[in-house]
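Throughout, read-outs are computed from the coordinates displayed, never taken from laboratory work. From a predicted model like this one, the values you see are computed outputs, not experimental measurements. Glycine gets a Cβ as well: all are built from the backbone with ideal geometry, and neighbour counts include every protein chain shown.
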Amino acid sequence: MSSVDTAPTAPTATGANGDWRPRIVRPAEVGVAASPEGLQEFLGGTDIGRLLVEDRAVVFRGFGVSTGTYDGVADLLLPDRLAYVHGNSPRTKVGRNLYTSTEYPAEFEISMHNEMSYAHAWPSRILFFCDVAAATGGATPVVDGRLWFESIDPEVRAAFAPGVRYTQNLHDGVGFGKSWQATFETDDRAAVEAFLDGAEAEWSWQPDGTLRVTQLRRATLEHPVTGTEVWFNQADQWHVAGLGEDAAALAEIVPEEELPQNAFFADGSPIPAEYIRHVQEVGMRKAVNVDWEVGDLLFVDNVSVAHGRRAFTGQRRILVAMS
């Protein structure tokens, strides 16, 4: 594992044990107005790529960003917003490649993950925006991917070293999980087939119209700039053991090969449930919370940093875009 890393040009907050935390940027600290225009002024004079490599995650707070002024700021941080094609989380598209962060029930936590790390290509940048803060809870926990990797038991890391095999069964409009139409944002089979071929995935159409997809992906990744090795997979979010009681109940009535999604070791052998629970527990324990204020933006290096969600009460609306 490479030891190359880059020290930040500005102080990055740390916890009591010296762990990394996201940097918080406020108007007074960078000498601009407390407005969306002030944030645009700051971003216009900043090497954003370097900022993200050095700080890994940045919260822009106190600039009064709203849904009406979001695009002007977001276009500086995400020059080319991506559609959420082949995404597995339930979301609603609300703007120009802008989505609700997730529609997973409020009472459940979402474990740590790098967005679309199961895919052939993934976003390098993610931008979260707080439109409505939860009444209680609802923080977005973030974890340093290197810390997560190094904190996982060596036996578990070794077992995952050859990679992860992901399987999906995407129904044709009726069934458990997401449909293939919603997953790929099209009802054109040929377009889906071309996408999957380009993604080096194995796929087949089932007699009932279900699309079965298998992908072999890496379990860790080296950051393209720093060379730092990080934990980079979503095995725990695809494996039945990581999805709670409802998924376990579903697994009792649906054959394993027909589950909406699942994860295996690279050779197709089953991943022990205790490995899945260990990975999830370590990620959540090492994470630090970003507690939302309305108008906050959280800008994340999607390779260096994984994210999740804490349970909450009340109305919470966090929007997300990727690049």
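Okay, here's what the table says:
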item	result
Debye intensity ratio in log₁₀ form over the Cα atoms of the chain, taken at each q of 0.08, 0.15 Å⁻¹	-0.37, -1.32
Rounded to 10°, Cα long-axis angle of helix 273-286 versus longest principal axis of the chain	0
Around M112: net Lys/Arg minus Asp/Glu count, Cβ-Cβ under 9 Å	0
Summed side-chain charge close to R212 - residues other than R212 whose Cβ falls under 10 Å, Lys, Arg +1, Asp, Glu -1	-3
Vicinal HN-Hα couplings computed from phi for the range 130-144 (Karplus, 6.51 cos²θ - 1.76 cosθ + 1.60; Hz; Gly/Pro x)	8, 8, 9, 8, 5, 5, 9, x, x, 4, 9, x, 10, 9, 5
The chain: most fluctuating residue of A273, A121, A74 per GNM, C-alpha cutoff 10 Å	A121
J(HN,Hα) series, the range 103-109, from Karplus relation 6.51 cos²θ - 1.76 cosθ + 1.60, nearest Hz, glycine and proline x	10, 5, x, 4, 6, 9, 7
Loop-resident sites, the range 197-262, for trypsin sites (Lys or Arg not before Pro), counting at most 16 other Cβ within 10 Å (DSSP)	R218
Estimated inter-spin distance, K93 and T313, nm [label 7 Å along Cα→Cβ]	3.6
Inter-label distance for Q206 and E193, nm, one decimal - labels placed 7 Å from Cα along Cα-to-Cβ	1.9
Amide proton proximity set for I24, modelled H, under 5 Å, gap of 5+	A13, V59
Relative packing of peptides 145-151, 106-112 - highest average C-beta neighbours within 10 Å first	145-151, 106-112
For M112, residues with placed amide H under 5 Å, excluding near neighbours	M284
nm² value of the averaged projected area, convex hull over the Cα atoms of the range 181-314	11.8
Within the range 197-233, backbone nitrogen closer than 20 Å to the virtual label 7 Å beyond the Cα of T46 toward Cβ	225-226
Estimated [θ] at 222 nm from DSSP helical runs (n ≥ 4, -39500 (n - 2.57)) normalised by residues in the chain, nearest 500	-7000 deg cm²/dmol
FRET efficiency for S323 and H120, using Cβ-Cβ distance with R0 set to 22 Å, rounded to 0.05	0.85
Least to most buried among V142, V294 (fewest other Cβ within 10 Å first)	V294, V142
In sequence order, calculated HN-Hα J values of the range 59-66 (Karplus, 6.51, -1.76, 1.60; Hz; x Gly/Pro)	9, 9, 10, x, 9, x, 5, 10
Value of relative contact order over the range 149-282, rounded to a whole percent, pairs C-alpha under 8 Å and six or more apart	32
Qualifying trypsin sites (Lys or Arg not before Pro) for the range 27-107 [loop in DSSP, other Cβ within 10 Å: at most 14]	R96
The chain: relative contact order as a whole-number percent, Cα under 8 Å and 6+ apart	33
Least to most buried among D172, D208, D131 (fewest other Cβ within 10 Å first)	D208, D172, D131
